[in-house]
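Visitor: The structure that follows is given in the form of C-alpha cells.
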Amino acid sequence: MGVRFNFKMAASIPLKLCSPPVYMYSRISLFRACPGRWFSGTGAVQGATPRLVQVEEPPPYTPARLAGRPYLSGSQSAGFPEFLGRARPGFPAMFQPGDTAGGIEEWSAVVKGVIDRELTRSGALLFRGLPVRTDQDFGRLCQGLGYDMMVYKGGAVDRSELTDMVYTAADEPLEMTIDLHTEMSYLPHWPRKLMFCCIKPPGEKYGGETPITDMRSVLRDMDPALLDRLRTRGIRYIRNIADRSRDVWCWQRTFRTEDREEVEKFLAERDFSFQWNSDDSVTYWYVMPATREHPATGETLWFNQATSHHCSYFYQHPNFGGAGRAKFRYPFHTCYGDGEEFRPEEVSHMQQVQWRHAVGFHWRAGDVLVVDNMVTGHGRMGCTPGVSGRKVVVSLTSN
Ligand SMILES: [Fe+2]
C-alpha cells in the first residue's frame with residue numbers, strides 16, 4: 001500500500017523555501033514567515049490544497065561568456081557584453097510548491113492564478129518543483145491552464161510537435177546560440193504567452209540556458225535616432241524557404257502543408273508579396289513595425305526580430321559558414337522597410353542592447369518558465385553537442 005499524503009506529514013517535513021533559508025514546520029507558519037506571497041488553487045486532493053510560494057532569492061547562476069563566444073551572432077563586435085547577467089529578484093519571479101499536494105490538473109489551477117496576477121508585471125515566471133516529468137505531463141499542465149493554445153505555423157525556425165501542442169523549443173544545431181527575440185514578432189499574429197518546460201537539463205557546465213531579456217529596458221536604451229528611423233520606415237522581413245527536395249528546413253514544414261495553394265493563401269491573407277523560384281523554393285517579403293503596444297497595459301515595447309532575422313545570424317551558423325551568399329539568399333534577412341540595408345553598427349547596437357538586459361539561470365528538470373512574449377524576449381545559449389542531454393519543450397498561447 002502506498003504512502004498517502006496528509007497534514008500530519010506536511011507538519012513534520014522541514015521545508016526550505018525562503019530567503020534567508022528558514023525551515024518551516026507547518027503550512028500556517030509557512031504563510032506567515034515567508035516574505036514572498038503565496039497562492040493556492042481551487043482543487044483539493046486528499047483534503048489538501050496545492051500552494052505556490054514566491055521565492056525572493058533569484059535562482060543561482062554562473063554567468064555564461066558572451067563576448068567572443070563562437071556561434072553567437074555579433075559576439076565579435078567591440079562593446080559586446082562580456083557575460084550574460086544573473087537572474088535578479090522578480091526577473092524571473094520564481095515560485096515553488098508550498099506543499100506536495102496535488103496532481104497536475106490541480107497545479108494547473110494554481111499556476112494559472114499566478115500567471116493571471118503576475119505575468120504582465122514581471123514579464124517572466126519560473127515554476128520550480130512541479131510534478132512535471134514528461135512532454136505529456138507538460139501538455140496536461142498547459143491544457144489545464146485553459147488558455148487558447150496556438151499552432152506553430154509560418155514561423156522562422158524548424159520545430160517538431162512532440163505531443164498535442166507541445167513542440168521542441170528549437171531544432172537548431174545545439175552549439176548555435178539563438179539570438180534574443182520575441183516569438184513571431186515578425187508576423188501580424190503572435191503568441192501572447194510562451195511556456196517552456198525543461199524535461200532534461202543540459203548540465204550546468206554545458207550551456208543551454210534559455211536567456212530572457214527585458215524589452216521595456218531594451219526600448220529605453222535603444223539609440224533614439226535609430227529608433228526613430230525604425231519607427232518611421234518599419235522593418236522589411238525577407239524569407240527564402242527551400243523545397244523539401246533540397247533541405248529538411250523547407251516550406252512544407254514551415255507551413256505544415258504539401259499544398260502550394262495553401263501556402264499562397266496563408267501569404268495572401270497577410271498581404272505578403274511572394275514568388276516561387278525555379279528550384280521550387282519560395283521567397284516572400286513584407287514590412288512590420290519595430291514597436292507594438294501591449295494590449296493590456298498600453299505601453300510601447302520593442303517588438304521585432306530585426307537582429308535575429310538579419311542574414312548575419314547565419315555568418316556564425318554551423319550549417320552555413322560565413323558571409324558567402326547574397327544577403328537575400330539566406331533563409332531570412334531584414335532591412336529597413338524601404339529596402340535600405342541596416343549598417344553593421346546598427347545591427348551591433350540592437351544586439352548589444354538586447355543582450356545587456358538579458359539574464360540567465362540554470363535549468364532543472366521539471367522547471368516551467370512562462371514569459372509574456374511582448375514584455376520579455378528569449379533566446380538559447382549554445383551547448384556542447386553529444387554531451388549535453390538538453391531537452392526543452394514549448395507551448396504557445398494566443399491569449
Ligand atoms: Fe523563440
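The values are calculated or read from the model by the stated rules, or taken from the named source; none is laboratory data. Note that this is a predicted model, so its numbers are computed, not measured. Positions of Cβ are backbone-derived with ideal geometry, glycine not excepted, and every protein chain shown enters the neighbour counts.
Visitor: May I ask you to list the residues in region 121-134 that are surrounded by fewer than 19 Cβ atoms within 10 Å (Cβ to Cβ) and in a helix (DSSP H, G or I)?
Guide: Arg121, the sole residue that qualifies.
Visitor: Select from region 191-205 the residues that are more than 10 Å from the ligand (Cβ to nearest atom) and crowded, with 19+ Cβ neighbours inside 10 Å and list them in ascending order.
Guide: From region 191-205, those more than 10 Å from the ligand (Cβ to nearest atom) are 192-193, 195, 197-205; that's our starting set.
Once the filter is applied, which keeps residues that are more than 10 Å from the ligand (Cβ to nearest atom) and crowded, with 19+ Cβ neighbours inside 10 Å, region 191-205 yields Arg192, Lys193, Met195, Cys197, Cys198, Ile199, Pro201, Pro202.
Visitor: Quick check on my filter: what residues within region 181-190 are within 9 Å of the ligand (Cβ to nearest atom) and touching a strand residue (DSSP E or B) at 6+ places or on another chain (Cβ under 6 Å)? Break it down into steps so the answer makes sense when it comes.
Guide: We begin by selecting, within region 181-190, every residue within 9 Å of the ligand (Cβ to nearest atom); these are 181-184.
Those that are within 9 Å of the ligand (Cβ to nearest atom) and touching a strand residue (DSSP E or B) at 6+ places or on another chain (Cβ under 6 Å): His181, Thr182, Glu183.
Visitor: Quick one: in region 148-161, of everything that is surrounded by 18 or more Cβ atoms within 10 Å (Cβ to Cβ) and either at pLDDT 80 or above or over 28 Å from Asp271 (Cβ atoms) (or both), which residue is nearest to the ligand (Cβ to nearest atom)?
Guide: Tyr152
Visitor: Can you confirm whether His310 is closer than 14 Å to Tyr336 by Cα and within 20 Å of the chain's Cα centre (by Cα)?
Guide: Values: closer than 14 Å to Tyr336 by Cα: yes; within 20 Å of the chain's Cα centre (by Cα): yes.
Yes.
Visitor: Give Ala156, Ala170, Ala109 a once-over and let me know the one that is among the small types (Gly, Ala, Ser) and either part of a strand (DSSP E or B) or more than 23 Å from Asn304 (Cα to Cα) (or both). Spell out how you get there, then give the answer.
Guide: Numbers: Ala156 fails: either part of a strand (DSSP E or B) or more than 23 Å from Asn304 (Cα to Cα) (or both); Ala170 fails: either part of a strand (DSSP E or B) or more than 23 Å from Asn304 (Cα to Cα) (or both).
After ruling out the rest, the residue left standing is Ala109.
Visitor: Please go through region 349-399 and give me each residue that is among the β-branched types (Val, Ile, Thr), part of a loop (DSSP other than H, G, I, E, B) and under 12 Å from the mean Cα position of the chain (by Cα), ordered by number. Steps first, please.
Guide: Step one: of region 349-399, the residues among the β-branched types (Val, Ile, Thr) are 353, 359, 368, 370-371, 375-376, 384, 387, 392-394, 397.
Okay, now just the ones that are also part of a loop (DSSP other than H, G, I, E, B), so 375, 384, 387.
Residue satisfying the conditions is Val375 alone.
Visitor: If Leu194 meets every condition in (1) touching an Asp or Glu at 6+ places or on another chain (Cβ under 6 Å); (2) over 23 Å from Gly389 (Cβ atoms) apart from one, which number is that one?
Guide: Against the list (1) touching an Asp or Glu at 6+ places or on another chain (Cβ under 6 Å); (2) over 23 Å from Gly389 (Cβ atoms), Leu194 comes up short only on (2).
Visitor: When you look at Ser217, is it more than 16 Å from the ligand (Cβ to nearest atom), under 28 Å from Val287 (Cβ atoms) and modelled with pLDDT of 95 or more, yes or no?
Guide: Spelling it out, Ser217 is indeed more than 16 Å from the ligand (Cβ to nearest atom), under 28 Å from Val287 (Cβ atoms) and modelled with pLDDT of 95 or more.
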